[in-house]
Amino acid sequence: MTQDTTIMCAPVQGITDCHWRNAHYDIFGGPDRYYGPFMRVEHGDIRKRDIADSRPENNTVPSFTPQILACRPQDAIRMVNALVEMGHNTIDINLGCPFPPIALHHKGSGLLQYPDEVEKLFKTLSEVEGVNYSVKMRLGWDEPKQWRDIVALFDIINPSQIVVHPRIGRQQYKGVLNLDEFADILSMCHYPVVFNGEIRTLEEITRFKQIFPDIAGIMIGRGLIEDPAMLCPEKGTADNYCELHNRLRDAYTQQLNGGEHQLLMKMKSFWEMYLPNAPHKSLKAIKKATSMAKYNIAVSELFYSL
Ligand SMILES: Cc1cc2nc3c(=O)[nH]c(=O)nc-3n(C[C@H](O)[C@H](O)[C@H](O)COP(=O)(O)O)c2cc1C
């Protein structure tokens, strides 16, 4: 990576788990830091797979930051304590998740419309000693100026950085990026601000750095999942793409204990983002596969055609 910009790999629930992160780093490398998809409390407990995914021994990348979903202070503190107990001292707070069942329960980007609740959350979290927080956020839930009531609250937790995806929650992952509001955050916030959104090439990284020379870094999500060699095009070989796939298939075969249907579903969901420019016919064959045997043939044909 020849860029002088700090590059971070974004968390993407369902894809960038520890298996993906470790394999991505080993085969392609490129990002300076990897972020874990958000940990959450469900039915009164932290999800077991979130705990396993965050354990330092399951993460072999040189720099890994786990994330918690912004939520009720009592749930957030449980997650922070669990992460601290594992040995983490840097934790990211997700104020960006736009998924309505989450956001409508005052979590993720849904919390951005309730500064009072954000304040309570930050105050509770600031009481834990020895933890450095960072924040990943959107501009708001249903209005792109909602961040303005949140920005003053950052002083409570003194975050090491604020990653901004300049959309509102209601936009989900589509629609125009609001670069005017992003520029305002950048000038008004006295913490390092990182840009996140729709970066898919090295040229775009350079372009963004030129438009916003004061950003502290760039975070990339789908661009790195679609093409894991995005930051190092010379590593974009069929062998490397195949190796990433095989490492994931092996890991999920073990994790799902041989359950063929579950494994097939898991791998097909990976292909919803992976290598969208591969031959359409091969991608279609993967999506249509009804057994792992058929899936494996379709995958071999796809890698052969690259
Ligand atoms: C399926 C999916 C799952 C995501 N899961 C998370 C998550 O767990 N935590 C988080 O902070 N962001 C999550 N994101 C948002 C990404 O980290 C990133 O902010 C977003 O995709 C925009 O960046 P990009 O255009 O580079 O992909 C998710 C995005 C997608 C599409």
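The values are calculated or read from the model by the stated rules, or taken from the named source; none is laboratory data. All values reported here derive from a predicted model rather than from experimental measurement. We place every Cβ from the backbone using ideal geometry, glycine too, and count neighbours over all the protein chains shown.
Annotations for the structure displayed:
- For beta carbons closer than 8 Å, sequence separation of 6+ or different chains, a first residue in the stretch 70-94 that is assigned by TED's automatic domain parsing to the domain that holds Gln13 and a second that is crowded, with 22+ Cβ neighbours inside 10 Å and modelled with pLDDT under 95, the qualifying pairs are Ala76/Ala70; Ile93/Ala70; Asn94/Ala70.
- Condition check for Ile51 on (1) within 12 Å of the ligand (Cβ to nearest atom); (2) under 18 Å from Thr90 (Cα atoms): one failure, at (1).
- Whether a residue is away from the ligand (no atom under 13 Å from the Cβ) and over 20 Å from the mean Cα position of the chain (by Cα) was assessed, and Val84 passes this test.
- Some residue of the stretch 127-141 being away from the ligand (no atom under 12 Å from the Cβ) and touching a Leu at 6+ places or on another chain (Cβ under 6 Å): yes
- Of the strands (runs of 3 or more DSSP E) lying entirely inside the stretch 153-227, the ones with 1 or more residues being within 9 Å of the ligand (Cβ to nearest atom) and not aliphatic (A, V, I, L, M) are found at 162-168, 193-196.
- Restricting the stretch 1-28 to residues that are over 16 Å from the mean Cα position of the chain (by Cα) and not hydrophobic (A, V, I, L, M, F, W, C) leaves a set whose member that is surrounded by the most Cβ atoms within 10 Å (Cβ to Cβ) is Thr5.
- Scan of the stretch 34-58 for residues that are buried (at least 19 other Cβ atoms within 10 Å of the Cβ) and closer than 30 Å to Asp4 by Cα, ordered by number: Tyr34, Tyr35, Gly36, Pro37, Phe38, Asp53, Ser54
- Scanning the stretch 231-246 for residues that are assigned to a helix (DSSP H, G or I), touching a residue at least 60 places away in the same chain (Cβ under 8 Å) and under 22 Å from Ile7 (Cβ atoms) turns up Lys235, Asn240, Tyr241, Glu243, Leu244.
- Among the residues of the stretch 40-50, not a single one is out of contact with any helix residue (DSSP H, G or I) (no Cβ under 7 Å at 6 or more places or on another chain) and among the aliphatic types (A, V, I, L, M).
- When we screen Val163, Val176, Val151 for residues that are among the aliphatic types (A, V, I, L, M) and within 18 Å of the chain's Cα centre (by Cα), the only hit is Val163.
- Flag for Thr290 being loosely packed, with under 15 Cβ neighbours inside 10 Å and assigned by TED's automatic domain parsing to the domain that holds Gln172: no
- Of all residues in the stretch 11-37, exactly one satisfies the criterion of being assigned to a strand (DSSP E or B) and either away from the ligand (no atom under 12 Å from the Cβ) or of a type in the set (S, T, N, Q) (or both), namely Arg33.
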